[in-house]
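Read through the structure below, which is laid out as structure tokens, and then see the notes.
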Amino acid sequence: MRLLRMYVAAVDRMNYGLGRLVMFGIFILMGILMWSSISKVFFNPSLWTLEMAQFVMVAYFVLGGPYAMQMGSHVRMDLIYGALNPRRKALLDSVTVLVLIVYLGILLWGGIDSTRYSFQYGGERSSSAWRPYLWPIKVTICIGIFLMLLQALSELAKDILFLRTGTPLRHQNEEQGDAL
Amino acid sequence: MPYELIAVLMFSTMMLMLFTGQRVFGAIGFVAVIAAVLLWGDRGGYDLGFSAIIKVMRWYPLLTLPMFIFMGYVLSESKIADDLYRMFHVWTGGMPGGLAIGTIGLMVLISAMNGLSVAGMAIGATIALPELLKRNYDKLMVTGVVQAGSSLGILVPPSVVLVLYAMIARQPVGQLWLAGAVPGLMMAAMFILYIYIRCRITPELGPTLTEGERAEITHAEKMRLLRAGLLPIAIFAVMMVPFLNGWTSLVESSAIGAIAAFLAAVLKRRMTWRVFETTIRQTLGITCMFMWIITAALAFGAVFDGLGAVNAIESLFTERLGLNPWVILILMQLSFLVMGTFLDDTAMLVIVAPLYVPLVGDLGFDLVWYGILYTITCQIAYMTPPFGYNLFLMRAMAPPEIELRDIYRSIVPFVFVMVLALALVMIFPQIALWLPGIVYDL
Amino acid sequence: APSIARAQEPIRWRFQTYAGAALGEEVTKPIIDYINAASNGEMEIELFYADQIVPTGELFQALQRGTIDGVHSDDDSMASPTPLRQFGGYFPFATKHILDVPVLFNQYGLAEIWDEEYSKVGVKWLSAAGQDPCNFNTTREITSVGDLDGLRLYTFPTAGRFLSQFGVVPVNIPYEDAEVAVQTGELDGMAWSGITEDYTVGWADVTDYFLTNNISGAWIGSFFVNQERWEELPDHLKQLVMAGIEAGHTYRNQWYWGGEARLRARGDKLELRSVPAAEWAEVENAAKEFWEEVAQEGEVHQKVVSIFREYNDVINQAGPPYTF
Ligand code: NA
Ligand code: NA
């Protein structure tokens, strides 16, 4: 129990901190696209802006994913789920979260494979004229998926702790619509 | 096992998983990767999920999503749309159901600034809804108005849904956007007509402003508020003029729109730390939700592709059942409506549209027109339980006196109006095709 | 006997082409149909178009792993990890006509090099052939080399690297998105194909001008198979696959040769523009430097470039029709 609690505290704090940081990434994205417009209108268009914006966007939603899970932003279809009491919700969640864990696990499997490839043959580079190396973004995605997996396990731990002790641990503002 | 059976099995498993209430992206993604691993194992099974992330990365119009979401929250959280709401309030308050009618007008303007329905939802629920309830408007009426009105965001240009449709159907974005304009305005007019008639018959549903209240508003005040309408026009212009002139791309324009809205809020001194924090936190949350669902849906779609489901569906409809094109079209719309109750619009687009769009083209229908039919279906999907973004928002933001039951009931008449609009556009394609026809000289 | 063979489960391959559905219908599907029909039920190849199963950037690793069993693509856009990457697609001014490609491979020794380099990375290279030249179709008029400055073009990586010295901004997006990208203002056009492809995939609908000058006379593309899948195949099916690919080469030779002429002469969607040959020589000369630059990158590069040089010497001496 104590171990579980420590795990939850550690993972949640880490993902919370990361998410709070990543949340400012929207301005980086805006900056790149703004620079893209300015350079296109006034000078020569830049080689790197579109691709860089794509990298930033992926990093933004992959690394922000765990924090979004803490906030309860990942919507659920809650016709049945929504009508359950907290205990039943926790019970159901602690079973179905395995679905999420399997999905993330297989994502990570494919991700690690693809990332390993990106280090081979002198480093995989993008097919654009800018030709950036692809391993930085692939490593970032893998880290994001891994943290997502840790967060899913933390959600499971919270449900188990709640079922055992009766004290709710889950983020109090986890409300479906809070996100919307 | 025959591929059709696998496809059906996948679909039903996904529905089942969705009903357990697990996070939507997890449910869809799980079915996709498990099916892929079972079907193809280490020959293409396990890396399909990850490939979908790379596809999302390379699908450049998705860059507009965080921009429009950010913009929506800036407009609603900073309350710079308040004046806009008051403008409609004083101008339409005098007629039966006037404030509800004004809310629809507000939603049309918001729709012209934003490519998603998020902005309208947030503004409608935080600004319009409390005001309407305070004035004793019927709660079912106002709940429905906000949900239906905000869905116009994806039909009235700019529209992200239509851009994504354009990429899948390979149809011109410009024509699709123009094609959405008239049906969007027509639908708004139908909402207004419905509200007006209902409130004429039962005035308690939408009481007019009292004489006293109306007397308080001076003519000068009315004129001052009319200027509030300049803000959306300015944002629309800053975003769309460079785009239409080919100076900036769509993605760049969405960033310009987001920055313009942000600067407007700063200049109006509405960008407090609290507003700022809420805006960027919510933008992250919603963007993550969308992107993870799209990622999962793309993986699901790739398995469907791998199964050759396109050919299966095509041969089922045309050869085996030998149906008339119109019957097939209507069946497809019906199936979209049914799926729309369970799935989110991007998931429907990514999973089902690649199956249907080629078929629609083969049957000889216009794909620009079909894009509008598809978008109206998505609007309906936003509101129909058990899965709909507008429903979720309502539940989260609505005051306690509005119960879940009320939210579900409130949408019924509006869904009828929308289905009617869908039928009208189906029967009279010119409603959609007239404007692009004139502009592009088709 | 056929009856025994038919009783077995067919060998199933998943095959992805670089081309989108509209173009794939002409460049890849006839080959797959031929093999499927002629194998008498022993083989069943399922064809997928650009980005359908895996995104094009991931195509090569997918082929190595066996996610995809076969691929039709050029080395460049599929991000081949071999030194041959830059020579596939359009290596600037390496060829003048569609038939130059099979001659280079079968008479001048490129085939051996390709075979060797791909077996090093666990992929079976089967056959290469030429396709269309690399012209420009754009929304803005090009009548001088200076007009290239600032154009955002969808093009191949190596062609993009070469063209960027003239101010072209190469943009890398999925094949199927290119048409809409012109409409959303992401692109000013393409430096990707000849006029046949422009009309076939719909690019002629979104751009206005076609530049008759090209930066290469023929696309170099190949058929690849996962090595294990190839080894598992009985000999007679190997023959059959090769025969199907050869038949496809023949079909494409005609389709492109006829299409380029007919659509330039009779097509009504793109207006033709030309840069005077004397001025375009500037671009051609830049290519010579580019060759030298690439040749310095390694031994294999050196070997391939010297073959291109040798062949170009021969056709230059021979004169027309080899040199237009
Ligand atoms: Na809109
Ligand atoms: Na729904």
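The values are calculated or read from the model by the stated rules, or taken from the named source; none is laboratory data. Keep in mind that what you see is a predicted model, and the values were worked out from it rather than measured. We place every Cβ from the backbone using ideal geometry, glycine too, and count neighbours over all the protein chains shown. To get the accessible areas, we keep the full protein, side chains included, count just its heavy atoms, and leave off ligands, DNA and RNA. Shrake-Rupley method; radii C 1.70, N 1.55, O 1.52, S 1.80 Å.
If you average the C-alpha positions of the stretch C:18-72 and of the stretch B:334-385 separately, how far apart do those two centres end up, in angstrom? Taking the Cα centre of each part, the stretch C:18-72 and the stretch B:334-385 sit 28 Å apart.
Computed from phi, the 3J(HN,Hα) profile of the stretch B:97-108 under the Karplus parametrisation 6.51, -1.76, 1.60 (θ = phi - 60°) reads x, x, 5, 5, 5, x, 5, 4, x, 4, 5, 5 Hz, with x in place of Gly and Pro. P(r) for the stretch B:300-340, from all Cα pairs and a bin width of 5 Å, is 6, 21, 21, 25, 21, 6 %, short bins first.
Calculated translational diffusion coefficient of chain B (25 °C, 0.890 mPa s; Stokes-Einstein with Kirkwood radius over alpha-carbon pairs) equals 109 µm²/s.
If Rh is defined by the Kirkwood formula over all Cα pairs and Rg also comes from Cα, what ratio Rg/Rh do you get for the protein assembly as shown?
0.98
If each DSSP helix of 4+ residues adds -39,500 (n - 2.57) and the sum is divided by the residues in chain B, what number results at 222 nm, nearest 500 deg cm²/dmol?
My calculation for chain B gives -24000 deg cm²/dmol from helical runs alone.
Based on the alpha-carbon gyration tensor of the stretch C:275-319 and its eigenvalue square roots a ≥ b ≥ c, which shape applies: rounded if a/c is under 1.5, prolate if not and a/b is larger than b/c, or oblate? Oblate, because a/c is 1.5 or more while a/b does not exceed b/c.
With 25 Å as the limit, write out which pairs from A:LYS138/C:LYS303; C:LYS96/C:LYS238; B:LYS222/B:LYS268; C:LYS120/C:LYS238; C:LYS96/C:LYS288; C:LYS124/C:LYS303 have Cα-Cα distances beyond it, or answer none. Check vs 25 Å cut-off fails for A:LYS138/C:LYS303; C:LYS96/C:LYS238.
For C:ARG152, the residues whose amide H sits under 5 Å from its own are C:VAL169, C:ASP188, ignoring neighbours fewer than 5 places away on the same chain, with H placed 1.01 Å from N.
Note on the stretch B:118-254: with neighbouring protein chains present and a 1.4 Å probe, carbon and sulfur make up 65 percent of its accessible heavy-atom surface. What value, in deg cm²/dmol to 500, does the helix sum -39500 (n - 2.57) over DSSP H runs of n ≥ 4 give at 222 nm once divided by the residues of chain C? My calculation for chain C gives -14000 deg cm²/dmol from helical runs alone. For C:ASN214, no residue has an amide H sitting under 5 Å from its own, ignoring neighbours fewer than 5 places away on the same chain, with H placed 1.01 Å from N.
Hey, what number do you get for chain A at 222 nm if only DSSP H runs of n ≥ 4 count, each worth -39500 (n - 2.57), divided across all residues, to the nearest 500?
-25000 deg cm²/dmol
3J(HN,Hα) along the stretch A:36-41: 4, 5, 4, 5, 6, 6 Hz, from the Karplus curve 6.51 cos²θ - 1.76 cosθ + 1.60 with θ = phi - 60°, whole Hz, x for Gly and Pro. Shown here: the stretch A:2-179, whose C-alpha atoms stretch 62, 37, 30 Å along the first, second and third principal axes, sorted largest to smallest. DSSP beta bridges fully contained in the protein assembly as shown are about 55 percent antiparallel. Remark: relative contact order (the stretch A:2-179) = 33 percent; criterion is Cα-Cα distance under 8 angstrom and separation of 6 or more residues.
Residue ranking by accessible heavy-atom surface, 1.4 Å probe, largest first, among B:LEU140, B:LEU226 comes out as B:LEU226, B:LEU140.
With an a/c value of 1.5 or above and a/b not larger than b/c for the gyration tensor axes a ≥ b ≥ c computed over the alpha-carbon atoms, the stretch B:242-282 is described as oblate. Comparing Cα centroids, the stretch B:156-192 and the stretch B:1-61 end up 29 angstrom apart. Computing the accessible area with a 1.4 Å probe over protein heavy atoms, can you report the carbon and sulfur percentage for the stretch B:27-84? Reported share for carbon and sulfur atoms: 60 percent. Each residue of the stretch B:230-235 was assigned a 3J(HN,Hα) from its phi angle through the Karplus curve 6.51 cos²θ - 1.76 cosθ + 1.60 (θ = phi - 60°); the sequence is 5, 4, x, 5, 5, 5 Hz, with glycine and proline shown as x. Can you pull the percent of Cα pairs in the stretch C:84-139 with separation above 14 Å? For the stretch C:84-139, the fraction of Cα-Cα distances above 14 Å is 59 percent. Computed on chain B, with alpha-carbon pairs under 8 angstrom and 6+ residues apart, the relative contact order is 24 percent. Each chain gives up part of its surface: A and B jointly bury about 6400 Å² of accessible area, both sides summed, for a 1.4 Å probe.
Shown for the stretch A:2-179: the carbon plus sulfur share of the solvent-accessible area, taken with all protein chains present and a 1.4 angstrom probe, equals 69%. Remark: mean inter-chain Cβ contacts per residue of C:63-73 equal 3, using a 10 Å Cβ-Cβ cutoff to other protein chain atoms. Across the stretch B:21-65, the fraction of Cα-Cα pairs farther apart than 11 Å, rounded to a whole number, is 69%. The mean number of partner chain beta-carbon atoms within 10 angstrom of a residue's beta-carbon across peptide C:162-174 is 5.
Other chains' Cβ within 10 Å of A:122-132 residues: what's the mean? Spell out each step's value before the answer.
Values: counts 2, 1, 6, 5, 5, 14, 9, 16, 8, 4, 0.
Other-chain Cβ atoms within 10 Å of each residue's Cβ, averaged: 6.
Taking a ≥ b ≥ c as the square roots of the eigenvalues of the alpha carbon gyration tensor, the stretch C:216-313 is oblate, as a/c is not under 1.5 and a/b does not beat b/c. Based on C-alpha pairs under 8 angstrom that are at least 6 apart in sequence, chain C has a relative contact order of 23 percent.
Averaged over its residues, chain A has an accessible area of 42 Å² per residue, based on protein heavy atoms and a 1.4 Å probe. Please give the helix B:273-306 orientation as an angle from the longest Cα principal axis of chain B, in degrees from 0 to 90, rounded to the nearest 10. Here the helix axis deviates by roughly 30 degrees. Between C:THR95 and C:GLY217, C:ALA218, the built amide H atoms are under 5 Å apart, and every one of these is 5 or more places off in sequence or on another chain.
Highest mean packing first, where packing is the average number of other Cβ atoms within 10 Å per residue, the peptides B:126-137, C:251-262, A:54-65 line up as A:54-65, B:126-137, C:251-262.
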